[in-house]
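The values are calculated or read from the model by the stated rules, or taken from the named source; none is laboratory data. Only a predicted model underlies this, so the values are computations on that prediction, with no experimental measurement involved. With ideal geometry, Cβ positions are generated from the backbone for all residues, glycine too; neighbour counts draw on all protein chains shown.
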Amino acid sequence: MGRISLASVIKRFETGDSVVTALDDVSLAVQDREIVTLVGASGCGKSTLLNLIAGFETPTAGQVLVDGHPVKGPGPDRGVVFQQTALFPWLSVKDNIAFGLSLRANRGKADTQQVVERMLQKTGLSAFRDRHPAELSGGMRQRAAIASVLAINPSTLLMDEPFGSLDSLTRSIMQDFLLEIWEEQRKTVVLVTHDIDEAIYLADKTVVMTAHPGRICEVIEVALPRPRRYDMRSGSPYIALRDHVTQIVRTEAIKGGALSAVN
Amino acid sequence: MEQQTTSAGAQLSRVENRKNPWRRASIVLQYAIFPAAVLLLWQVGSEIGFVRRNVFPPPSAVLGVWYDLVTGSTDAAARYSGTWLDHAWASTWRVFAGFGWGVALGIFVGLLIGLSRAMERVFDPTVQILRNIPVTAWVPLSLIFFGIGNAPAIFLIGLGAFFPAAINSTHGVRQINITLYKAARMMGANERELLVRVILPAALPSILTGVRLAMGIAWVLVVVAEVLAVRSGLGYLLNDAYLFYRNDVVIATMLSIGLLGFLSDRFVVVVRDILLTWNKRETFGGEN
């Protein structure tokens, strides 16, 4: 479960007396257990798209369906990993991971103790279970945040530039960590990024978006074998894909820049 | 390489410094030198007759009077001998009574304003206008309304405690990291869980800052209220000793108020640190 479909979605934001069209006629299908990455210049509406699926925003027109049902609001079937790590600073790592399961809505869904243990182990945070988020490194914090979302066992993971604030070494380690979890749990993943390498390396499908207004420019099938390995990044199929995506993103960014200069 | 040795050397010498008795003595001296100099200057100035002893009594005289105020054993404080505990207790309970209702109501109203746009429209303009009236300006009205006694004192102290508690509680709710709120909602938290498990803990540091400010203001206002409205408490003692030209008692009372204010602040800080073990930030000045 975790099929997502967007049909002719329009999203406008009214700010004072001006109206900004963040998404203009966007249609997209994400299959169950697929990893789809959204990439594009800033302001292309990729985060808005994610917020629509998460249920934090409602579309101005069109439909957002998850497993065939219109999205009515945020819910534990769609776990969101934010760029700014969403850990409660007053809770220890283990209490943060247990937070979702301790909510009334999720009570009795799973043995909390057991889930917490498993998540701590999976994320390598067992030794840091009693630490508070402020006492962790950036990479550890984001692993703990992912663990706290996985603990409620969502069918879909929505990730908004989850590794954007990490240094490049930690980021590539986190990408492999995410793939490892995906190989094991096969959740549907929609991941927003501005890092083209990340977009291709993780994805079954990379969606390239353009800005002003936000539109889908091209959907690229990433036919690299799984499980992905870091050394694939130096292979020619990968490089060809990256050059292709880079070209579109750059062209569109420059076009967008020229347009906004005219405006 | 060179740099590494230097920094290791610096670290080593710092560790050695901590053990070095000379170093430790110098630290004690740094703490003691200024207060000691002030006291010495004050004592000497009084001894050589730079100021008249009964106008500005020396620290030794103040200490002697203070001792008698508390114990009633030497009669140095004459008519005030042995009254300290009664006055100190009267002030302390007024402070805590006024502080209690003011802070409780302040937190409640402040949270309402922060949580609901409707409540903000109902209460916030009134709070914003009233808080610009100095609480001391409420003295005549509260005396007319409550008469002489504890009631106007506790009213004034509570009023003074209300505003910092309310404003910091509102601020605490407004500065909550929206990502945490969204994350909890995404995980399925209901309204009550959002309030109790996300909003209140996230707002707590700011609420407690307001509580600490309220405690400081409470001690200011207890003196004002006791000078004007009641016949007990350290504020009353201060004013009465002033009228009888007992400046040694005046100074001993001032220091008593300072001491109790300091202890009350420590009390709030201890409670805060118990509630906020997680909220230790690294700052230039260290923890406070």
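When B:Ile176 is tested against (1) in a helix (DSSP H, G or I); (2) surrounded by fewer than 18 Cβ atoms within 10 Å (Cβ to Cβ); (3) within 14 Å of another protein chain (Cβ to nearest Cβ), only condition (1) is not met.
Looking only at residues in region A:49-68 that are away from chain B (no Cβ under 14 Å) and polar (S, T, N, Q), which one is surrounded by the most Cβ atoms within 10 Å (Cβ to Cβ)? Walk me through how you get there before you give the answer.
Initially, region A:49-68 is screened for residues away from chain B (no Cβ under 14 Å), giving A:49, A:58-65, A:67-68.
Okay, now just the ones that are also polar (S, T, N, Q), so A:58, A:60, A:63.
Values: A:Thr58: 13, A:Thr60: 15, A:Gln63: 13.
Residue satisfying both the conditions and the ranking: A:Thr60.
When A:Val39, A:Val9 are checked against the criterion of being in contact with a Lys or Arg (Cβ under 9 Å, 6 or more places away or on another chain), more than 14 Å from every other protein chain (Cβ to nearest Cβ) and over 23 Å from B:Ala184 (Cβ atoms), A:Val39 stands alone in meeting it.
Would it be correct to say that B:Arg94 is surrounded by 14 or more Cβ atoms within 10 Å (Cβ to Cβ), basic (Lys, Arg), assigned by TED's automatic domain parsing to the domain that holds B:Ala229 and in a helix (DSSP H, G or I)? Before the answer, list the steps.
Numbers: surrounded by 14 or more Cβ atoms within 10 Å (Cβ to Cβ): yes; basic (Lys, Arg): yes; assigned by TED's automatic domain parsing to the domain that holds B:Ala229: yes; in a helix (DSSP H, G or I): yes.
Judged against the criteria, B:Arg94 is a match.
Any residue at all in region A:40-57 that's in a strand (DSSP E or B) and either touching a residue at least 40 places away in the same chain (Cβ under 8 Å) or touching a helix residue (DSSP H, G or I) at 6+ places or on another chain (Cβ under 8 Å) (or both)? Yes - at least one qualifying residue is present in region A:40-57.
Could you please let me know if B:Val223 is under 19 Å from B:Phe155 (Cβ atoms) and outside any helix (DSSP H, G or I)? No, not satisfied.
Identify, please: which residue in region B:188-204 is of a type in the set (Val, Ile, Thr) and either within 20 Å of A:Leu150 (Cα to Cα) or crowded, with 18+ Cβ neighbours inside 10 Å (or both) and is, among those, farthest from the other protein chains (Cβ to nearest Cβ)?
Here is the first cut: in region B:188-204, the residues of a type in the set (Val, Ile, Thr) are B:196, B:198-199.
From what's left, either within 20 Å of A:Leu150 (Cα to Cα) or crowded, with 18+ Cβ neighbours inside 10 Å (or both): B:198-199.
On the way: B:Val198: 7, B:Ile199: 11 Å.
Among them, the one singled out is B:Ile199.
Across region A:69-92, the qualifying residues are those that are more than 20 Å from A:Leu157 (Cα to Cα) and hydrophobic (A, V, I, L, M, F, W, C), and the one among them that is nearest to the other protein chains (Cβ to nearest Cβ) is A:Trp90. Taking B:Ile274 as the residue in question, decide whether it is over 30 Å from A:Gly55 (Cβ atoms), buried (at least 20 other Cβ atoms within 10 Å of the Cβ) and not small (Gly, Ala, Ser). Answer is no for this residue.
Do you know which of the residues in region A:100-113 that are facing another protein chain (nearest Cβ under 7 Å) and surrounded by 17 or more Cβ atoms within 10 Å (Cβ to Cβ) is nearest to B:Val196 (Cα to Cα)? Let's see the steps before the verdict.
Start the filter on region A:100-113 by keeping residues that are facing another protein chain (nearest Cβ under 7 Å), which leaves A:100, A:103-106.
From what's left, surrounded by 17 or more Cβ atoms within 10 Å (Cβ to Cβ): A:100, A:103, A:106.
Values: A:Gly100: 14, A:Leu103: 12, A:Asn106: 17 Å.
Looking at residues that are facing another protein chain (nearest Cβ under 7 Å) and surrounded by 17 or more Cβ atoms within 10 Å (Cβ to Cβ), I get A:Leu103.
Applying the criterion of being assigned to a helix (DSSP H, G or I) and either of a type in the set (Val, Ile, Thr) or surrounded by 15 or more Cβ atoms within 10 Å (Cβ to Cβ) (or both) to the residues of region A:121-139, the residue that is modelled with the lowest pLDDT is A:Lys122.
Residues in region A:210-251 that are of a type outside the set (Val, Ile, Thr), farther than 21 Å from A:Cys44 by Cα and not in a helix (DSSP H, G or I): A:Ala223, A:Leu224, A:Pro225, A:Arg226, A:Pro227, A:Arg228, A:Arg229, A:Gly235.
For region B:109-132, name all the residues that are under 21 Å from the mean Cα position of the chain (by Cα) and either surrounded by fewer than 18 Cβ atoms within 10 Å (Cβ to Cβ) or closer than 15 Å to B:Ala229 by Cβ (or both).
Here is the first cut: in region B:109-132, the residues under 21 Å from the mean Cα position of the chain (by Cα) are B:110, B:131-132.
Across region B:109-132, the qualifying residues are B:Arg131, B:Asn132.
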